[in-house]
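Bear in mind that the values in this text are calculations on the coordinates, not laboratory data. The structure displayed is predicted, hence computed values, not measured ones. Note: ideal-geometry Cβ built from the backbone for every residue, glycine included; neighbour counts use all protein chains shown.
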Amino acid sequence: MTWLLKDYSRKYSKIAHLYDIGTSVQNRKLWIMEISNNPGKHEPGEPEFKYVANMHGDEAIGREMLLHLIKYLCKNYGVNQRVTNIVDTTRIHIMPSMNPDGYEMAATFADDEWKSSRPNANGVDLNRNFPDQFFPSTNGSPQPETRAVMKWINSIPFVLSASLHSGALVANYPYDDNPSGQSVYSATPDDDVFRQLARSYSEAHPTMHLANAPWKCKEIPREHFIDGITNGAKWFSVSGGMQDFNYVHSNCFDITLELGCQKFPNASELPEYWRENKEALLSYVEQVHSGVHGFVKDEDDNPIDQARIAVANRRHDVFSARDGDFWRLLVPGSYDVTVSAKGFEQETKSCTVLSDKAAKLEFTLKKMRMREPRHQVQQDMWPRERILNNDEYGHEQEKDPNQQRDPSQYKYPT
Ligand SMILES: [Zn+2]
């Protein structure tokens with residue numbers, strides 16, 4: 001994989017830029033391939049997107065799909081109009097393997113032994129290892145892989161992402177758990193948006209949305225999901241998952257894609273998986289351009305960083321990035337959007353989001369003439385600071401990894 005990524009970043013250096021966000025427990029690089037018409041930097045007004053795969057070492061399909069996607073985007077830029085348009089208007093970050101140590105174990109072991117390579121080299125399930133909004137960690141402080149991804153999420157203004165898994169066939173959206181710990185529906189304030197995002201994948205996939213999708217795995221009970229989507233907590237409750245972390249602690253909307261019942265298929269089956277997922281992977285990237293976006297500036301045309309973007313009757317705010325640019329994913333409809341920033345008067349504007357066209361809003365905030373009211377200051381705290389400064393995440397005592405939650409609690413870990 002490393003050889004392929006380096007080769008493509010050299011051959012297609014105009015649009016492909018390879019970087020790493022740290023190393024795994026066993027010192028393997030955590031590679032990210034960036035695909036963009038201006039690689040290496042954030043362009044004001046251009047949304048950031050990410051795909052992450054193989055956080056479970058034994059789930060190889062997602063990793064292979066992302067390697068296919070990298071090759072497809074590189075080879076078709078400037079050739080295929082749709083690919084060219086996607087790459088020109090989106091900064092795409094692709095992480096084929098979040099758990100390279102687990103993958104190496106899976107690839108080395110024979111037959112059923114690979115099942116033990118789901119966690120990282122310390123035996124920790126990375127999709128139970130993120131800070132959770134309802135429960136303390138059940139598997140210790142964040143592992144090197146988890147910590148690297150948390151830092152990455154907080155350092156780039158990601159708008160949309162998905163992580164690729166397998167073991168089932170469904171698009172799964174937040175929340176993944178709820179305060180009761182029971183497996184019941186746990187809606188975010190953006191449930192309609194997440195349902196639209198999940199459906200954009202399942203409906204572009206030839207079988208995921210079907211009531212009776214073909215099922216290759218006799219040993220795994222088939223589950224039915226209406227339209228091929230499910231709320232995570234309704235399916236089975238997971239705490240410490242990555243998708244909830246993205247939504248709660250950053251601007252990024254993240255979902256979990258289960259690409260099929262198999263986890264580590266024969267290489268000969270991969271072209272079929274690519275045929276099934278190619279259109280869905282591209283369609284999902286295009287969703288980053290839905291909703292409302294624009295800039296927040298002051299009266300002298302200077303960008304305002306970390307301005308709060310609030311949509312009426314929707315209790316989830318996003319914040320502007322360094323260039324004052326912001327993106328707020330929404331389903332079609334009419335909205336009142338209020339922008340506030342420390343030291344400025346707040347401003348509200350209306351917009352209409354169409355199914356095939358995002359709304360654009362520009363805000364020019366006026367400086368406050370009087371002393372700021374006290375409540376304004378505290379409200380404008382960016383979640384990034386909360387998460388990085390909180391001792392709960394930074395200095396937690398290592399817990400005994402044997403105290404992990406009993407995996408038999410899960411129906412079938414995917
Ligand atoms: Zn998984």
Expected vector for the stretch 232-240, Karplus 3J(HN,Hα) from phi with 6.51, -1.76, 1.60 and θ = phi - 60°, integer Hz, x for Gly and Pro, equals x, 5, 5, 5, 7, 6, 10, 10, x
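Remind me, relative contact order of the chain in percent, using alpha carbon pairs under 8 angstrom and six or more residues apart?
On the way: 904 pairs, mean separation 65.5, N = 414.
Dividing the mean separation by the residue count of the chain yields 16 percent.
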Dividing the surface of the Cα convex hull of the stretch 27-116 by four yields a projected area in nm² of 6.7 nm²
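Mean Kyte-Doolittle hydropathy of 0.0 or higher plus an axial Cα length of 15 Å or more: which whole DSSP H helices in the chain meet both? Please report the intermediate quantities before stating the final value.
On the way: long enough: 61-76 (22 Å, 0.28); 144-155 (16 Å, -0.58); 191-204 (20 Å, -0.82); 270-286 (24 Å, -0.85).
Flagged H segments are 61-76.
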Amide H contacts under 5 Å for residue 18, restricted to residues at least 5 apart in sequence or on another chain and with H modeled in the peptide plane, are 34
Fewest to most Cβ atoms within 10 Å: 361, 257 sort as 361, 257
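Tell me, rounded to the nearest percent, the portion of alpha carbon pairs in the stretch 65-112 spaced more than 15 Å apart. Don't skip to the answer; put the middle values down first.
Working: 656 of 1128 pairs.
Tail of the P(r) past 15 Å holds 58 percent of the pairs.
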Bridge orientation stat for the chain from DSSP, antiparallel percent rounded to 5, came to 55 percent
Mean Cβ-within-10 Å packing, highest first, puts peptides 121-132, 78-89 in the order 121-132, 78-89
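Starting with the highest mean, order 200-212, 219-231 by the number of other Cβ atoms within 10 Å, averaged over the residues of each peptide. Provide the component values of the computation, followed by the final result.
Working: 200-212: 18.2, 219-231: 16.0.
Peptide ranking by packing, descending: 200-212, 219-231.
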Residue 79 and residue 223 label points (each 7 Å along its Cα→Cβ direction) are spaced in nm at 3.9 nm
Expected unfolding gain across residue 151-residue 268 under the 0.36 nm per residue rule, minus the alpha-carbon gap, is 38.5 nm
Listed by chain and number, the residues whose amide H is under 5 Å from that of residue 359, excluding neighbours fewer than 5 places away on the same chain and using placed H, are 291, 292, 293, 354
Spelling it out for residue 344: with amide H atoms placed in the peptide plane at 1.01 Å from N, the residues 5 or more places away or on another chain with amide H under 5 Å from its amide H are 368
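Please say if the stretch 118-209 is rounded, prolate or oblate, where rounded means a/c under 1.5 for a ≥ b ≥ c the square roots of the C-alpha gyration tensor eigenvalues, and otherwise the choice is prolate for a/b larger than b/c and oblate otherwise?
On the way: a/c = 1.57, a/b = 1.43, b/c = 1.09.
Prolate is the answer for the stretch 118-209, as a/c is 1.5 or above and a/b outweighs b/c.
Structure shown: which of 75/297; 50/75; 151/360; 29/357; 216/357; 29/71 lie over 27 Å apart, alpha-carbon to alpha-carbon?
Working: 75/297 38 Å; 50/75 19 Å; 151/360 29 Å; 29/357 39 Å; 216/357 39 Å; 29/71 20 Å.
From 75/297; 50/75; 151/360; 29/357; 216/357; 29/71, over 27 Å: 75/297; 151/360; 29/357; 216/357.
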re the chain: pairs of Cα atoms spaced beyond 41 Å account for a percent value of 12 percent
Length gained if residue 215 through residue 13 is fully extended, taking 0.36 nm per residue and subtracting the Cα-Cα distance, is 68.7 nm
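Work out the FRET efficiency for residue 207 and residue 346 from their Cβ-Cβ distance, taking R0 = 56 Å, and round it to the nearest 0.05.
Calculated transfer efficiency: 0.75.
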Karplus-derived 3J(HN,Hα) from phi for the stretch 24-33 (6.51 cos²θ - 1.76 cosθ + 1.60, θ = phi - 60°), whole Hz, x at Gly and Pro, runs 7, 4, 8, 6, 8, 5, 9, 7, 10, 9
